[in-house]
Amino acid sequence: MAEPAQSADSASIPVGYGWCAWHQNYARGVRLIRVFEQGSGSGGSLFACPGCRDVYDLVPLADQACTPTS
């Protein structure tokens, strides 16, 4: 299968390639959705592809609104 042609604008946008935790396979365009932190030891993180973000209404961590507490 041939790769789609890229315009000059889209060529400069980085695209992640990795494991989508929702459909359990590798995909292009994954974004970080959730981070699990643990006190001692390693935590974890979940990434989702564009299709799963649309289907499951997932918002990437970088796009989530930050509401400061007063």
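Tell me the net charge near F47. Cut-off is 11 Å between Cβ atoms, F47 excluded, with +1 for each Lys or Arg and -1 for each Asp or Glu.
+3
Based on the Cβ-Cβ distance of N25 and L61, what FRET efficiency does E = 1/(1 + (r/R0)^6) give at R0 = 22 Å, to the nearest 0.05? Please report the intermediate quantities before stating the final value.
Working: r = 21 Å, r/R0 = 0.95.
Between N25 and L61 the formula returns 0.60.
Since every read-out is calculated from the coordinates, none of them should be taken as a lab result. Because the structure is a prediction, the values reported are computed rather than measured. Ideal geometry is used to build each Cβ from the backbone, glycine not excepted, and the neighbour counts take in all protein chains shown.
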